[in-house]
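Asks: The structure under discussion is supplied below as structure tokens; questions concerning it will follow.
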Amino acid sequence: MLRDETTNSATGLTLQAFDALFERYQCEQIETAILQNADPFLETAGEDLRRRMFTTVGGAGEELCLRPDFTIPVCLHHLQFSTGLPRRYGYLGPVFRQREQGLHEFLQAGVEHLGRTETPYVADADLMAIAVDAALMPDPQAVLTLKLGDPSLFHQLLMSLEVPTGLRNRLIRAFGRGLDEASLKKILSPTEAEDMALPADLKKLLHDPEALEQAVADMMLAQGLSLHAGRNAHDIAERYLEIYGPQDIGLTESDKARLMNVLVDYLRLNGPALEMPSRLTDFEGRHDVAFGANLVQFTDRLSEFSAKAGASIPADFTFASDFARPLDYYTGFVFELFVNGASRPVAAGGRYDRLMEILGSEDPVPAVGFSLWLDRLPNWGAKNG
């Protein structure tokens, strides 16, 4: 297969090892262009990634970027060139984004499952098992920590509590950015100063998100600001809705107090992943709520992964109820994998069932994937140089 021309003698065996990994798991290896249309990333990837992209303008005035990640390019590649599902893709190449630590250009590998229609937890478990295998390639004796989250449990909890739509959407947006007790209090009881901070002409648009976004875009253009540099109009409008939008329609102070109590208790559900099914069941009984099919699927995913990983299952396998990946397209379970106690994950991924439709698929396509950062693998250069 063709390779991006960015490798050297220190990474040559890296490529060979991943060739073997992809062959072992029957992954179709693909290439995607380094220079990408920026719009799909700006529209779907989330503020955390968007603000770290390297962007430029094409000859026709279109917004372009150096490839900051592979998931969206792989999905677009499938939509443009491939037919038939399911497909399992593997990739390895350079990505470009600003980072607080390390180089802004680095090698990323990963796997994307598209269109697997059997029970989702089977594909989820397969995907995590491949990530564990990949992380252990440079050192089979490395100590792994696998951190699991499942925002769908939080979403179902809000539904079970019959949280009004406006507040529910606001809590879901906040959850994806790191919801804690302090931010929860702020959402449920905004101060008068916060309530008065939004200009009146924008405040009257809080019940119409599309009109609010357009008004923000108009204000940005009037002030000579780019609609894509830094936070765009969509991000700013979402933030306004999160802070100032309608959130407590129909809630009494007693309702708010109960909601606060239940959600704070939920955000404290952290610990060994294999203990969580029973702890979540106890939580249901304690608060008279129901996670429904989401908890069944969560439990089945744990069992399936334990069976597939076998002896390679990390001894430190944890669940954090407040854990979400900072990419907007994730829709279900998420995970991060750490090696030898490092503070930064070596691999991360999860389920993103809506992304293919957002990118142009005519039909729903269930999807799950992970990415692995090669520069975070310990001793990789020493073992492969």
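The values are calculated or read from the model by the stated rules, or taken from the named source; none is laboratory data. Keep in mind that what you see is a predicted model, and the values were worked out from it rather than measured. When we count neighbours, we look across all protein chains shown, and the Cβ atoms used for this are built from the backbone with ideal geometry, even at glycine. The protein model used for the area step is the full one, side chains on, heavy atoms only, and it has no ligands, DNA or RNA in it. Shrake-Rupley method; radii C 1.70, N 1.55, O 1.52, S 1.80 Å.
Asks: Give the ranking of Met128, Met159, Met137 by solvent-accessible surface, highest area first, calculated with a 1.4 Å probe.
Replies: Sorted descending by solvent-accessible area, the residues read Met159, Met137, Met128.
Asks: Is the shape of the stretch 31-110 best called rounded, prolate or oblate, per the rule: a/c under 1.5 gives rounded, else a/b larger than b/c gives prolate, else oblate, with a ≥ b ≥ c the square roots of the Cα gyration tensor eigenvalues?
Replies: Taking the square roots of the gyration eigenvalues as a ≥ b ≥ c, the stretch 31-110 is oblate.
Asks: Can you bin the chain into rounded, prolate or oblate? Criterion: square roots of the alpha carbon gyration tensor eigenvalues sorted a ≥ b ≥ c, rounded for a/c under 1.5, prolate for a/b above b/c, oblate for the rest.
Replies: oblate
Asks: Rank these residues by their accessible area, most exposed first, probe 1.4 Å: Lys203, Lys256. Before the final figure, lay out the partial values.
Replies: Numbers: Lys203 70, Lys256 25 Å².
I get Lys203, Lys256, largest accessible area first.
Asks: Follow-up question, since we're still on this one. Under the rule of at least 5 residues apart or a separate chain, name every residue whose amide H is placed under 5 Å from the amide H of Asp69.
Replies: Amide H to amide H, under 5 Å and 5 or more residues apart or across chains, Asp69 pairs with Phe96.
Asks: What size of dipole, in debye to the nearest 20, comes out for the chain about its Cα centre when the only charges are +1 on Lys and Arg C-beta atoms and -1 on Asp and Glu C-beta atoms?
Replies: Charge dipole, the chain, about its Cα centre: 740 debye, nearest 20.
Asks: Once the whole set of protein chains is in place, how much accessible area is left on Glu162, using a 1.4 Å probe, in Å² to the nearest 10?
Replies: Counting only protein heavy atoms, the figure is 150 Å².
Asks: Shifting gears a bit: For the chain, what number of Lys pairs, 8 or more residues apart or on separate chains, have alpha-carbon atoms under 25 Å from each other?
Replies: Close lysine pairs under the 25 Å cut-off: 9.
Asks: A follow-up question, please. Might you tell me the accessible area per residue for the chain, computed with a 1.4 Å probe and given in Å²?
Replies: On a per-residue basis, 46 Å².
Asks: I'd like to verify something in the chain: which complete DSSP H helices, judged by Cα projection on the helix axis, reach 18 Å or more and average at least 0.0 on the Kyte-Doolittle scale?
Replies: Span-like helices in the chain: 12-24, 120-136, 209-222.
Asks: So, taking all protein chains as they sit and a 1.4 Å probe, how much accessible area belongs to Phe338, in Å² rounded to tens?
Replies: 30
Asks: Order His77, His207 by their accessible area, 1.4 angstrom probe, all chains in place, largest first.
Replies: His207, His77
Asks: So if I place +1 on the C-beta of Lys and Arg and -1 on the C-beta of Asp and Glu, and nothing else carries charge, what would the dipole magnitude of the stretch 131-179 be about its Cα centre? I want it in debye, nearest 20. Mind dumping the intermediate values first?
Replies: Working: 5 positive and 4 negative charges, 80 e Å.
The calculated dipole for the stretch 131-179 is roughly 380 debye.
Asks: Excluding ligands and nucleic acids, what accessible area in Å² is computed for Glu357 using a 1.4 Å probe, to the nearest 10?
Replies: Roughly 80 Å² of Glu357 is accessible to a 1.4 Å probe.
Asks: While we're here: Can you pull the percent of the chain's accessible area that's carbon plus sulfur, 1.4 Å probe, other chains left in place?
Replies: Carbon with sulfur: 50 percent of the solvent-accessible area.
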